[in-house]
Each structure stands twice: as C-alpha cells, then as structure tokens.
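Everything on this sheet refers to the single structure shown next.
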Amino acid sequence: MKSPKGVGLRSIESFLDKELRVSEIRDSSNNGVQVDNSGRITKVACGVDASLDFFEAAKAAKANLLIVHHGISWKDSLKKITRLNYKRVKYLMDNDMALYASHLPLDLHPKLGNNALIAKMLGLKSVKPFGLYEGSCIGSIGNATSGTKYAAFVKKAEKAFGRKLLEMKFGPDTVRKVAVVSGGGCGLLEDAEEAGADMFVSGEPTLAGRNFACDAGMNALFGGHYVTEKYGAEALGKLVKRKFGLPFVFIDLEIDS
C-alpha cells in the first residue's frame with residue numbers, strides 16, 4: 001500500500017543498514033545515508049551511480065530518496081566540499097533529496113546482491129560466496145548445468161545481460177564451474193582459478209586479467225561495469241517498496257561501459 005504522507009528517512013536508513021550489515025563490512029565507501037533531506041521520504045529512485053544526470057532524472061521522477069551502488073563519499077573524499085563535490089551536494093540539498101549508498105554490502109548480499117542475482121540469472125546451482133576483498137567474500141561461485149557448452153553458456157549470458165559480451169575464450173569447451181564478480185572484479189580471476197572455476201564473469205576487463213586467463217586456461221566474459229551492477233540497486237528499491245509502501249523507480253541511464 002502506498003504511504004501518502006511519506007516515511008521518515010531514519011526508519012528507512014535503520015532498516016537498510018541492518019539488512020545490508022553496513023556496520024560489519026569494511027569498505028572504502030562510506031555506506032549508508034551520505035546526504036540527508038528534511039526528513040520525510042515520499043518516493044525512491046534507484047540507480048548505479050550518484051552522478052548529476054542520475055540526480056536530474058530522479059528529480060524529474062519526483063523522488064526524494066536516491067539509493068545508489070556508487071555514492072559520493074569515499075574515505076575522506078568529502079573532506080572539502082568544492083568543485084564537483086559542491087555541485088553534487090548542492091543539487092541534492094537544493095532539491096531536498098537524500099542519498100543512500102551501498103557498495104560492497106550490496107555486492108555481497110546473498111539475496112539482493114549484484115553477484116547473487118547474476119548467478120541466479122545464469123542459472124548456477126549450489127551457489128556459494130567467493131572472492132575475498134577487504135575482508136569479505138564479495139562474489140559468487142556455482143555450477144553450470146551439466147554438459148553446458150561454451151557457446152551455449154555465452155548465448156545464455158548475453159540474453160541475461162541483454163547485450164553482446166566481451167569474450168576471452170582460453171578454457172575448455174564445456175563450462176562446469178562459474179565465478180561471478182560484478183563491476184571491476186577482474187582482480188579476482190586468480191581466486192576463481194584457485195577455486196576451480198573454468199568460467200569467470202565480470203564487468204570490466206583488464207590486460208592483466210586477459211594474460212592471466214590465457215596462461216591459466218580459463219574462459220572469461222565481461223558485460224561492463226555499469227551493466228553488471230544494475231541489479232542490486234533495483235532489488236533494494238523493490239525491497240523498500242514492499243517494506244514501507246513507497247513508490248520507487250529504477251533509473252537506467254543505459255551506460256555502455
């Protein structure tokens with residue numbers, strides 16, 4: 001049921017912080033509410049990045065709580081509110097919009113996380129946490145359907161992501177174990193190889209990653225940083241809608257990277 005008078009920001013913040021275990025997960029992002037509004041939330045907009053074009057789209061949608069994967073507060077990045085920091089913070093404050101960010105807590109969440117959702121999209125079985133980063137396992141690893149050929153797996157992945165993927169085919173023709181780390185997760189290719197994966201799915205490729213996959217005899221697919229990190233933010237919006245009865249919109253800027 002829609003909440004006509006809105007919901008207090010602190011109530012939503014407390015719920016999300018607990019659900020995402022914000023206080024327990026070490027991260028360079030200062031996760032949680034990064035910018036306050038006047039206190040009442042009437043509509044939620046979700047997206048990947050806290051960029052000005054996302055802010056403008058959220059304003060057009062009449063949202064006053066913005067939930068993103070990549071926020072604007074990283075370590076001491078807001079030590080000085082100048083230049084671009086000033087423009088972003090001022091825009092939010094001028095339009096009475098709050099900003100909530102969840103980086104690694106959203107990557108690793110077992111149900112709402114980018115990697116768990118991608119693993120589900122790919123039809124992986126016996127999925128487990130994988131890939132230690134900043135003290136937490138942020139990725140997912142699981143088994144492909146028995147006998148899945150490489151070409152069939154690529155076709156299924158491209159249908160799931162809705163786009164052509166960058167392929168690095170250096171491994172076997174049959175895909176058995178798949179490791180997933182969204183976004184800039186290419187640095188965990190070695191961990192995937194050690195875990196027995198013959199297929200690695202991520203966002204951004206790197207030259208070092210290409211060379212490792214080649215030398216290790218692994219397959220890898222890359223869908224783009226933005227594309228592989230859309231799913232968690234949208235899932236959070238749906239959760240807030242169910243919990244608080246607030247309308248929400250997922251704003252897809254369709255960034256091809």
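The values are calculated or read from the model by the stated rules, or taken from the named source; none is laboratory data. This one's a predicted model, so the numbers in the text were calculated from it and none came from an experiment. Methodologically, a virtual Cβ is constructed for each residue, glycine included, from the backbone with ideal geometry; neighbour enumeration extends over all protein chains shown. Just the protein is used for accessible areas: all its heavy atoms, side chains included, with ligands, DNA and RNA removed. Shrake-Rupley method; radii C 1.70, N 1.55, O 1.52, S 1.80 Å.
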How much solvent-accessible surface does Ile81 expose, in Å² to the nearest 10, with a 1.4 Å probe and all protein chains in place?
80 Å²
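Leaving out ligands and nucleic acids, and using a 1.4 Å probe, what accessible area per residue does the range 72-219 come to in Å²?
On the way: 7390 Å² over 148 residues.
Solvent-accessible surface per residue comes out at 50 Å².
What is the Cα convex hull volume of the range 111-214 when expressed per residue in Å³? Can you show the working numbers first?
Values: hull volume 9.7 nm³, N = 104.
Taking the convex hull of the Cα positions in the range 111-214, it is 94 Å³ per residue.
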Paired Rg and Dmax values of the range 168-257, which use every Cα atom, in angstrom
16.2, 52
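Compute the length gained on full extension between Phe15 and Asp76: take 0.36 nm times their separation in residues and subtract their Cα-Cα distance, giving the result in nm to one decimal.
Details: separation 61, 0.36 × 61 = 21.96 nm, distance 2.53 nm.
Gain in length upon complete extension: 19.4 nm.
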What distance in nm separates the two pseudo spin-label positions at Ala208 and Ala61, each 7 Å out from Cα along the beta-carbon direction?
3.5 nm
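Sum up the charges of everything whose Cβ sits under 11 Å from the Cβ of Ser28, counting Lys and Arg as +1 and Asp and Glu as -1, but leave Ser28 out.
Working: positive: Arg26, Lys75; negative: Asp27, Asp76, Glu134.
Residues near Ser28 contribute -1 overall.
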Averaging the inverse of every distinct alpha carbon separation and then flipping it gives the Kirkwood radius. What is it for the range 1-133, in angstrom units?
15.8 Å
Give the shape of the range 1-55 as rounded, prolate or oblate, defined through the alpha-carbon gyration tensor: a ≥ b ≥ c are the square roots of its eigenvalues, a/c under 1.5 means rounded, and otherwise the shape is prolate if a/b is larger than b/c and oblate if not.
oblate
May I ask for the distance between the Cα centers of the range 94-126 and the range 215-235, given as a whole number of Å?
13 Å
Quick one: compute the contact order of the range 150-257, relative version, from alpha carbon pairs under 8 angstrom and 6+ residues apart, as a percent.
26 percent
Excluding residues on the same chain fewer than 8 positions from Lys111, give the lysines whose Cα lies under 22 Å from its Cα.
Lys18, Lys120, Lys125, Lys128, Lys156, Lys159, Lys177, Lys230, Lys238, Lys241, Lys243
Debye log10 I(q)/I(0) for the chain, one point scatterer per Cα, at q = 0.08, 0.10, 0.11 Å⁻¹
-0.33, -0.50, -0.60
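Work through the residues other than Val249 whose Cβ is under 13 Å from its Cβ and net out their charges, Lys, Arg +1 and Asp, Glu -1. Let's see the in-between values first.
On the way: positive: Lys43, Lys59, Lys62, Lys238, Lys241; negative: Glu234, Asp252.
Net charge in that neighbourhood comes out at +3.
Under the rule of -39500 (n - 2.57) per DSSP H run of 4 or more residues, summed and divided by the residues of the chain, what mean residue ellipticity at 222 nm is obtained, to the nearest 500 deg cm²/dmol?
On the way: 9 runs with 87 residues, N = 257.
Taking each H run of at least 4 residues, the total per residue is -10000 deg cm²/dmol.
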What nm value, rounded to one decimal, do you get for the distance between Leu166 and Tyr91 when each label is placed 7 Å out toward the C-beta?
2.7 nm
How much of the accessible area of the chain, probe 1.4 Å, is carbon plus sulfur, in whole percent?
51 percent
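What do you get for Rg/Rh of the range 74-152 when both radii come from the Cα atoms and Rh is the Kirkwood radius?
Over the Cα atoms of the range 74-152, Rg/Rh equals 1.21.
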With only Lys, Arg, Asp and Glu charged, each at its Cβ (+1 for the first two, -1 for the last two), find how big the charge dipole of the chain is about the Cα centre; round to the nearest 20 debye.
1040 debye
